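Working notes, structure below.
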Amino acid sequence: MRPLDGITVVSLEHAIAAPFCSRQLADLGARVIKIERPKVGDFARGYDERVDGMSSHFAWTNRSKESLALDLKHAEAPAILQKILDQADVLIQNLAPGAADRLGLSYEALSQRYPGIIVCDISGYGNDGPYRDKKAYDLLIQAESGFVSITGTPDTPSKAGCSIADIAAGMYAYTNILAALLQRGKTGKGAHIDVSMLESMAEWMSFPMYYAFDGAGPPPRAGASHATIFPYGPFTAGDGKTIILGLQNEREWEAFCRVVLERPELAKDERFVANSLRSQNRDELRRLIIESFSPLTIEQVVERLERAQIANARVNEMQDVWNHPQLKARERWTSVSSPVGVIPALLPPGVSNAFEPRMDAIPALGEHSESILRGLGYVSQDIERLRAEGAL
């Protein structure tokens with residue numbers, strides 16, 4: 001038995017934030033009915049063709065779901081939605097601002113008929129305020145939240161390499177829904193959850209905001225290095241590969257000099273005897289470190305760092321992560337079916353001895369339309385008529 005077995009989630013979703021949320025609910029056993037536009041579907045299906053013709057984003061966020069292709073503007077769509085919602089515990093939507101309200105899918109409207117329903121709205125800026133109707137994409141929220149301003153090099157601000165604003169909003173939607181389900185179990189009442197990408201990222205930005213408290217300056221952009229601790233960041237070995245290492249205290253600095261650099265005298269060098277001085281003189285110290293690493297392969301550098309008990313990590317490429325020995329050793333890989341065949345998939349983070357996560361197929365567009373409608377009482381003649389009218 002999985003934690004959310006018996007829970008039905010209806011999701012009017014596209015892109016990343018809402019699909020990532022609902023996929024994690026499906027991982028825990030929830031039935032997720034994904035409602036998509038006929039013919040085109042979730043536009044994330046067309047982001048790329050990197051997974052044997054399927055979108056990489058879609059493959060990531062849509063396993064274990066049922067796809068219902070339904071034109072929400074069709075005359076019979078409200079009746080179909082009502083029958084689906086009669087069975088639902090949770091409604092998730094990240095449509096354009098105001099769209100769900102116009103469809104009669106606001107919490108205020110639905111809770112009159114379904115007092116136990118949980119409605120989660122995911123948007124860029126929230127359901128009210130002066131930015132409510134402003135378009136919001138991941139990069140835009142990374143910029144608006146201040147993330148871009150503290151990321152990158154001193155000369156070039158940068159975004160994150162993955163959709164962190166979408167991921168943050170999806171995670172907060174997921175955890176808020178779980179909390180609402182727990183609360184409903186105590187009170188019998190549903191809930192309205194309003195998750196914004198901006199507020200999700202602002203939470204993640206709390207450290208740099210406090211760092212810049214009361215008008216103080218922000219953390220400087222330091223690339224892959226630490227803004228205030230040194231040595232902490234990337235260094236190149238003699239074979240051209242990059243290692244990230246990090247020192248936290250003076251004990252580690254002494255061990256680094258003695259074991260890794262094999263230059264124990266540097267530990268007492270007046271330029272480097274405190275972190276503030278090492279950071280101030282980082283260009284000279286970087287030169288000395290790279291000079292020491294130049295005759296070594298990355299394996300030899302890692303061996304010295306491990307012997308000195310200095311934290312370190314390789315700068316892996318994507319293929320390195322596919323083949324990461326730790327993921328293999330912990331058996332974190334499985335496979336799922338998809339419209340393009342069987343593909344590998346990571347098990348969800350968090351190893352539980354209480355249940356196995358659900359790892360079902362990624363759906364083709366409208367793959368479950370007929371079975372869902374039959375479950376609602378529609379017969380073949382009705383389904384064919386709806387299909388002929390373009391409703392499905």
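Structure notes:
- Rotationally averaged projected area of region 232-314 (alpha carbon convex hull; nm²): 4.5
- Pairs over the 27 Å Cα-Cα cut-off, from the set K39/K83; K159/K328; K241/K328: K159/K328.
- Stokes-Einstein diffusion coefficient of the chain, Kirkwood radius over Cα pairs, 20 °C, 1.002 mPa s, in µm²/s: 89
- Other residues within the sphere of radius under 15 Å centred on the Cβ of A224, judged by their own Cβ, net out at +4 (K and R +1, D and E -1).
- Rounded to 10°, Cα long-axis angle of helix 282-293 versus longest principal axis of the chain: 80
- Estimated FRET transfer efficiency when R0 is 41 angstrom, pair T228-K135 (beta carbons, to 0.05): 0.70
- On Cα atoms only, tilt of 17-27 relative to the major axis of the chain in degrees: 80
- Using a cutoff of 8 angstrom between alpha carbon atoms and counting only pairs six or more residues apart, the relative contact order for region 232-314 works out to 44 percent.
- Across region 112-117, computed HN-Hα scalar couplings (Karplus, 6.51 cos²θ - 1.76 cosθ + 1.60, θ = phi - 60°) run 5, 8, 10, x, x, 6 Hz from first to last residue, x flagging Gly and Pro.
- Separation of alpha-carbon centers, region 1-67 and region 98-144, rounded to whole Å: 19
- Sparse packing (at most 13 other Cβ atoms within 10 Å of the Cβ) combined with a DSSP loop state is found for the following trypsin sites (Lys or Arg not before Pro) in region 128-213: K135, K189.
- Restriction of the GluC sites (Glu not before Pro) in region 198-304 to DSSP coil positions whose beta-carbon has at most 12 other beta-carbons within 10 angstrom yields E262, E270.
- Sorted by Cβ density within 10 Å, fewest first, the residues S55, S369: S55, S369
- Within the chain, helix-based [θ] at 222 nm, where runs of 4 or more DSSP H residues each add -39,500 (n - 2.57), nearest 500: -10000 deg cm²/dmol
- The label-point distance for D5 and Q87, in a model that sets each label 7 Å from Cα toward Cβ, rounds to 1.8 nm.
- Comparing D71, D360, D155 in a Gaussian network model of the chain (Cα springs below 10 Å), the most mobile by mean-square fluctuation is D155.
- Most tightly packed first, judged by the mean number of other beta-carbon atoms within 10 Å of their residues, the peptides 82-94, 25-37, 217-229 read 25-37, 82-94, 217-229.
- Calculated FRET value between S352 and W322, using beta carbons and R₀ = 22 Å, to 0.05: 0.35
- Estimated distance in nm for a label pair at V342 and R387, the labels positioned 7 Å out from Cα along Cα-to-Cβ: 2.9
- If you take the Cα centroid of region 290-348 and the Cα centroid of region 208-279, the two points sit 23 Å apart.
A short reminder: the numbers here are calculations on the coordinates, not readings from a lab. Remember, predicted model here, so these are calculated numbers, not experimental data. In this analysis, Cβ positions are derived from the backbone assuming ideal geometry, glycine residues included, and neighbour counts consider all displayed protein chains.
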